[in-house]
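What follows is a single structure, written as structure tokens, with notes after it.
Just so it is clear, none of the values below were taken in a lab; they were calculated from the coordinates. What you see is a predicted model; the values in this text were computed from it and never measured. In this analysis, Cβ positions are derived from the backbone assuming ideal geometry, glycine residues included, and neighbour counts consider all displayed protein chains.
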Amino acid sequence: MEQLGKQKKFIPKQGLLGVTPSLDNLVRAQFIEDQAKPNGSSIAVLAEYGGKSALLLGDAHPAVVAASIRRLCAERGVERLKWTP
């Protein structure tokens, strides 16, 4: 996060971005979901094999991905997908 903060980037409504403890909150507050049709046609894939998994999202719309993950979690009877770094 410090490295990102050192890169002076313009954020609409806020000006230049510097190191700030509330960086995540700033990003969330200014997030505007992309509604471009080409990105909406991106294929998102959850690949699972041998106890490993990878979520490949491309430019898929976040709301569509989130809804699909919620549906998958409901089908599996879990609250969230397992994630390991």
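For this structure, a couple of remarks:
- Applying a threshold of 6 Å to beta carbon distances and a minimum spacing of six or more residues, or different chains, the list of pairs starting in segment 36-59 at a residue that is more than 16 Å from W83 (Cβ to Cβ) and ending at one that is among the hydroxyl-bearing types (S, T, Y) reads G58/S42; D59/S42.
- Among the residues of segment 32-47, none is identified as in contact with a Gly (Cβ under 6 Å, 6 or more places away or on another chain) and exposed (fewer than 12 other Cβ atoms within 10 Å of the Cβ).
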